[in-house]
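Below is one structure, written out as structure tokens, with a few remarks after it.
The values are calculated or read from the model by the stated rules, or taken from the named source; none is laboratory data. The model shown is predicted, which means the values in this text are computed figures rather than measured ones. Cβ sites come from the backbone with ideal geometry, for glycine too, and all protein chains shown count toward neighbours. For accessibility, only protein heavy atoms count, side chains too; no ligands or nucleic acids. Shrake-Rupley method; radii C 1.70, N 1.55, O 1.52, S 1.80 Å.
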Amino acid sequence: MNNKYKILLVEDDENIRIMVGAMLESAGYQVIETSSCNTAITLAVSHIPDLILLDLGLPDMDGIKLLEYVRKTDLTPIIILSARSDEMEKVKAFDMGANDYITKPFSAAEFLARVRSALRFSRHSADEGCLAGETFRFRDLRIEYDARRVFVGDREVKLTQTEYNILAYLSESSGKLLTYSSIIKAIWGQATEGSVKRLQVNMANIRRKLGIQPGEYSYIVNELGVGYRMNTD
Ligand code: CA
């Protein structure tokens, strides 16, 4: 697969961080690592990861603060990694929106299965919605649904999973105006406070990567305050 999932790994124990990072990379994921909760918050905003793996006992502040912060604005799946097996803490993490909770130590097989499961949560139905082998073509834009690859002319456009899902979803209804809430529902399952902002950030990245500049052709039109439409003119 061309579009690698991006995983933010927040863990201050260096041995565990190296081990988990290596497990993820060997399974084909792109990994961003940090040992600090503050840095993690910055990275979550700037990199828009597809999944966050979060240790709760961090040196600068409790990892639960990151969970709280992310859940205020978006639905990125979060798996808690913790050495503690305290029941109340688990309940608290789930109440605050954690998707899963893995108690250290864990086996690579179980860990990777849980990662795949959490990523399925964020993946939208573009996979099922498009026929195998089908290709979307309009002007210079080409989307190969099977391979999940996007091209503008001969240039391949490198999108994150979320960006690809959004673009594929828009292309399935090209010409039609899709409201913010319908896109958010299709991509993330449900809307929370900040979902529109998250969609706008992803959309800005997609438009930039497609090469949308003044004077260039706009494949995606923003109907301000309403939604987006894949252009067909
Ligand atoms: Ca720790």
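Assorted remarks:
- Tally of residues being within 22 Å of R116 (Cβ to Cβ), within 11 Å of the ligand (Cβ to nearest atom) and of a type outside the set (S, T, Y) across the stretch 64-85: 1
- Test result for L8, part of a strand (DSSP E or B), of a type in the set (A, V, I, L, M), within 16 Å of the ligand (Cβ to nearest atom) and over 17 Å from A93 (Cα atoms): yes
- Test set (1) outside any strand (DSSP E or B); (2) within 12 Å of the ligand (Cβ to nearest atom); (3) in contact with a helix residue (DSSP H, G or I) (Cβ under 7 Å, 6 or more places away or on another chain) - P59 fails condition number: (3)
- Residues located in the stretch 1-12, provided they are surrounded by 16 or more Cβ atoms within 10 Å (Cβ to Cβ) and in contact with a strand residue (DSSP E or B) (Cβ under 7 Å, 6 or more places away or on another chain): Y5, K6, I7, L8, L9, V10, E11, D12
- Within the stretch 30-40, the set of residues being open to solvent by 30 Å² or more (accessible area, probe 1.4 Å) and either more than 16 Å from the ligand (Cβ to nearest atom) or closer than 26 Å to A109 by Cβ (or both) comprises Q30, E33, S35.
- Within this structure, L24 fails the test of being open to solvent by 30 Å² or more (accessible area, probe 1.4 Å), in a helix (DSSP H, G or I) and either within 14 Å of the ligand (Cβ to nearest atom) or under 30 Å from D146 (Cα atoms) (or both).
- Near pairs, Cβ below 8 angstrom, 6+ apart or cross-chain, from the stretch 58-74 (free of Cβ contacts under 8 Å to residues at least 24 places away in the same chain and within 15 Å of L8 (Cα to Cα)) to any residue that is of a type in the set (S, T, Y) and buried (at least 21 other Cβ atoms within 10 Å of the Cβ): none
- The residues of the stretch 49-98 that are of a type in the set (G, A, S), within 23 Å of Y29 (Cβ to Cβ) and surrounded by fewer than 18 Cβ atoms within 10 Å (Cβ to Cβ), listed by number, are A83, G97.
- Qualifying position, being touching an Asp or Glu at 6+ places or on another chain (Cβ under 8 Å) and aliphatic (A, V, I, L, M), among I41, I64, I7, I48: I7
- Close pairs (6 angstrom Cβ cut-off, 6 or more residues apart or separate chains): on the phi > 0 side of the Ramachandran plot in the stretch 173-196, surrounded by fewer than 14 Cβ atoms within 10 Å (Cβ to Cβ) and not acidic (D, E) anywhere: G175/T232
- Within the stretch 42-56, being in contact (Cβ under 8 Å) with a residue 40 or more places away in the chain, of a type in the set (A, V, I, L, M, F, W, C) and more than 13 Å from the ligand (Cβ to nearest atom) holds for I48, L51, I52.
- Meets criteria (within 22 Å of T160 (Cα to Cα) and hydroxyl-bearing (S, T, Y)) for S35: no
- Residue in the stretch 189-203 that is surrounded by the fewest Cβ atoms within 10 Å (Cβ to Cβ), counting only those that are at pLDDT 85 or above and over 13 Å from L159 (Cβ atoms): K197
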